[in-house]
Amino acid sequence: MIRTFRTHFIRKQEELTEKLWDFTPLHGERAGERITVHTPSCWENYPGFGLYRGAGRYTTRFYGAGNLRIECKGVSHTAAVYLDGEKIAEHYNAYTAFSAVVRGAAAGEHTLDIVADNRFSAESALHVPNDYISYGGVSRPVVLEEVENCYIEYVHVTPYCREGKWRAKIRACVANLDEREPVSLVVRIAGETLRFSAAVLSSGNNYFTGEMAFEGVRAWSPAEPALYTADARLMKGEIAFDDLIDRFGFREVAVEGQKILLNGEPVRIRGVCRHEDHPQFGCALPFSAMAADLAIIRDLGANSVRTAHYPNDERFLDLCDEQGILVWEENHARGLSLEQMQNSNFERQAEQVTREMVEQHCNHPSVYIWGILNECASDSPFGKECYKKQFALIRSLDESRPRSFASCKFKTDICFGLPEVVSYNIYPQWYHETPAAEYLADLYGWVQTQTEGAGKPFMITEIGAGGIYGFRSAYGTKWSEENQAKTLREQLDAVLSFPDCVGVYIWQFCDIRVSEEWWGGRPRTMNNKGVTDEYRRPKLCYQAVKEIYKDKK
Ligand code: ADA
């Protein structure tokens with residue numbers, strides 16, 4: 001499955017994954033061996049490759065002709081793509097899509113090779129040994145399209161409400177390979193049509209901007225997640241020769257004082273942080289597993305998911321759009337030190353994933369906030385410059401959403417003047433014994449009196465405790481399920497009864513694998529703070545979370 005809705009009726013599109021490919025490891029004692037594997041997948045799930053850190057080549061063959069557009073939705077973590085032996089694309093970062101176009105391919109069978117590499121090195125500033133796994137593989141779908149001499153790259157819809165009426169800003173990008181005749185772009189939404197007059201396009205990317213007004217459309221909200229499609233077509237005269245359909249919702253997010261407003265109503269976040277991680281699929285969760293995770297998240301009474309710590313699979317976001325689950329989506333970074341942020345590749349790689357995240361996911365109504373640089377060096381002047389640049393980049397791409405970052409810098413953070421929302425990851429009664437209510441009040445008081453974050457919405461983006469599934473203790477010792485349930489209950493009670501907190505994200509949805517190289521004293525080489533274990537089996541704290549989330553409004 002590519003999306004949960006059809007994105008083309010005219011353009012020919014075929015998913016090349018969801019079938020068997022050849023896999024060949026390029027390093028280690030099995031280098032050169034050819035293994036048949038299903039894709040999308042991670043090699044850590046292939047027998048004998050659970051710890052493989054290296055490169056691997058994936059190969060498939062397909063029939064195509066003409067201008068071939070190949071889109072990889074995610075390759076972990078560094079990709080090189082070859083068509084019939086010629087390199088056509090390279091990409092760094094597992095969590096955003098990239099594409100390449102090969103013009104005038106002869107009709108017939110073609111060979112596609114994707115070399116994925118999950119090694120750590122100075123070349124990789126974001127995928128580093130960490131408290132999650134950088135898997136290896138073709139971890140998200142690969143899509144083949146046949147395009148004409150120009151085609152629609154994207155259509156972005158930014159809805160807004162004025163005097164009770166919904167309007168939308170439209171921004172589209174049309175790539176011109178070699179079209180010399182006049183073409184026109186037409187965008188249809190909810191019965192309204194925006195037609196751009198025919199013109200001969202420049203070579204490369206052509207941008208179109210316009211506005212549309214609507215009558216009688218229904219707003220998107222968690223309670224009523226009404227969705228609409230934007231149907232964009234390229235025309236020669238009255239003949240449509242290319243199309244792209246994307247989906248969005250009529251909703252507005254704003255910050256007013258210390259509140260986050262959705263369509264003018266204050267939002268209270270009751271969320272969970274979720275890694276894309278599963279013992280059978282690595283980070284390549286199939287659609288059914290994503291849907292099953294969301295069913296659990298809804299059963300918990302959560303109304304939001306934080307995509308810790310990277311952009312998520314767009315099909316997961318589609319599911320959140322359809323079920324009214326709000327999403328804090330963030331770029332890819334976790335806990336990078338000042339030294340790691342000073343890696344010469346960091347700024348370029350972080351800005352690239354930020355740009356790709358916003359451009360690829362800005363139509364999703366469920367995404368209500370953009371986060372960046374989780375627990376990076378926001379206590380340093382150099383770090384502050386990086387945060388400032390990335391927040392400015394987001395604002396240049398999307399004016400419609402608030403921005404934030406999750407800090408762990410207690411009373412040393414110097415970046416709270418940059419975002420619209422102040423957010424903290426805290427672990428009272430786990431990493432330290434300070435009672436949660438006392439710790440929260442102290443931290444909040446410091447923000448209000450000592451920082452530029454005063455008066456902004458204040459959110460807890462991580463709070464939690466470890467609990468090993470099946471480890472029970474009559475006296476609630478650390479790592480027992482009893483201790484985790486007791487601690488999490490006290491932590492959530494403290495946050496959700498704190499009047500000036502707009503919400504909370506539990507760390508975390510499920511237990512996940514962590515890097516062998518990082519380890520960090522994690523029992524089972526896992527991060528065991530899940531409300532469920534890695535197989536989504538509920539721990540004792542599940543019921544506590546459910547009671548608290550269902551009761552606290
Ligand atoms: C940090 C980090 C998470 C996780 C957590 C923990 O807050 O953002 O990714 O590592 O700590 O489990 O300690």
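The values are calculated or read from the model by the stated rules, or taken from the named source; none is laboratory data. Not measured: the values here are computed from a predicted model. Backbone-built Cβ (ideal geometry, glycine too); neighbour counts: all protein chains shown. Accessible surface areas use protein heavy atoms only, side chains included; no ligands, DNA or RNA. Shrake-Rupley method; radii C 1.70, N 1.55, O 1.52, S 1.80 Å.
For the stretch 359-402, what is the per residue volume of the convex hull drawn over the alpha-carbon atoms, in cubic angstrom?
Details: hull volume 3.4 nm³, N = 44.
Taking the convex hull of the Cα positions in the stretch 359-402, it is 76 Å³ per residue.
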Charge dipole magnitude, Cβ of K and R +1, D and E -1 - the stretch 294-368, Cα centre, debye nearest 20: 200
222 nm mean residue ellipticity, helices alone, for the chain (DSSP H n ≥ 4; -39,500 (n - 2.57); rounded to 500): -6000 deg cm²/dmol
Sequence ranges 392-400, 351-359, 335-343, ranked by mean other-Cβ count within 10 angstrom, highest first: 351-359, 335-343, 392-400
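Please report the antiparallel percentage of DSSP beta bridges with both residues in the stretch 346-501, rounded to the nearest 5.
Antiparallel bridges: around 0 percent, rounded to the nearest 5.
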Nearby aspartates and glutamates by direct alpha-carbon distance to LYS550 (threshold 12 angstrom, same-chain neighbours under 8 apart not counted): ASP299
Integer Hz, Karplus 6.51/-1.76/1.60 couplings in order for the stretch 366-376, x for Gly and Pro: 5, 6, 9, 7, 9, x, 9, 6, 4, 6, 8
Centroid-to-centroid separation of the stretch 471-532 and the stretch 156-235 [C-alpha atoms, Å]: 44
For the stretch 1-41 versus the stretch 407-444, the gap between their alpha-carbon centres in whole angstrom: 43
Cross-link reach list, lysines versus LYS388, counting only Cα pairs under 19 Å and skipping chain neighbours closer than eight places: LYS409, LYS456
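Mind ranking 2-14, 462-474, 179-191 by how tightly packed they are, going by the mean number of other C-beta atoms within 10 angstrom, highest first?
On the way: 2-14: 14.9, 462-474: 19.2, 179-191: 17.2.
Packing proxy ranking, top to bottom: 462-474, 179-191, 2-14.
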Farthest positive-ward along the chain dipole, Cα basis, beta-carbon charges - from GLY74, GLY371, VAL217: VAL217
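Could you sort 321-333, 481-493 so that the peptide with the highest average Cβ count within 10 Å comes first and the rest follow in order?
Values: 321-333: 23.7, 481-493: 21.7.
In decreasing order of mean packing, 321-333, 481-493 become 321-333, 481-493.
Let me spell out the model: positive unit charges on the Cβ of Lys and Arg, negative unit charges on the Cβ of Asp and Glu, origin at the Cα centre of the chain. What dipole size does that give, in debye rounded to 20? Walk me through the intermediate numbers first.
Numbers: 63 positive and 76 negative charges, 164 e Å.
About 780 debye.
Using only the Cα atoms of the chain, build the gyration tensor, take square roots of its eigenvalues as a ≥ b ≥ c, and label the shape rounded, prolate or oblate: rounded if a/c is under 1.5, else prolate if a/b is larger than b/c, else oblate.
Numbers: a/c = 1.84, a/b = 1.27, b/c = 1.45.
Note, shape of the chain comes out oblate.
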Interchain or long-range residues, amide H under 5 Å from LEU227's placed H: none
Three-way shape call for the stretch 113-196 based on the alpha-carbon gyration tensor, with the a/c threshold at 1.5: oblate
For the stretch 266-359, average projected area of the Cα convex hull in nm²: 7.6
Å² of accessible area per residue within the stretch 41-177, as computed with a 1.4 Å probe and no ligands counted: 33
Straight-distance crosslink candidates among lysines, where the alpha carbon sits under 16 Å from LYS478 and sequence neighbours closer than 8 are dropped: LYS486, LYS529, LYS539
Rel. contact order, % - alpha carbon contacts under 8 angstrom, at least six apart, the chain: 12
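Once you sort the root eigenvalues of the Cα gyration tensor of the stretch 37-164 as a ≥ b ≥ c, which label holds: rounded (a/c under 1.5), prolate (a/b larger than b/c) or oblate (the other case)? Intermediate values should be presented prior to the final figure.
Working: a/c = 2.25, a/b = 1.16, b/c = 1.94.
Verdict is oblate for the stretch 37-164.
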Placed amide H near TRP518: partners under 5 Å, 5+ positions off or other chain: ASN130
Descending principal axes extents, the stretch 1-80, alpha-carbon based, whole Å: 47, 27, 21
Amide H partners (placed H, <5 Å) of ILE260, local residues excluded: VAL267
From phi via Karplus (6.51, -1.76, 1.60), per-residue ³J(HN,Hα) for the stretch 480-488 in Hz, x at Gly/Pro: 7, 4, 5, 5, 5, 5, 5, 5, 5
Table column - 3J(HN,Hα) (Hz), the stretch 31-40, Karplus curve with 6.51, -1.76, 1.60, x for Gly and Pro: 3, x, 6, 9, 10, 8, 9, 8, 10, x
Considering only the chain, percent of DSSP beta bridges that pair antiparallel, nearest 5: 75
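Which whole-number percent gives the relative contact order of the stretch 58-132, counting Cα pairs below 8 Å spaced six or more residues apart?
Rounded, it is 41 percent for the stretch 58-132.
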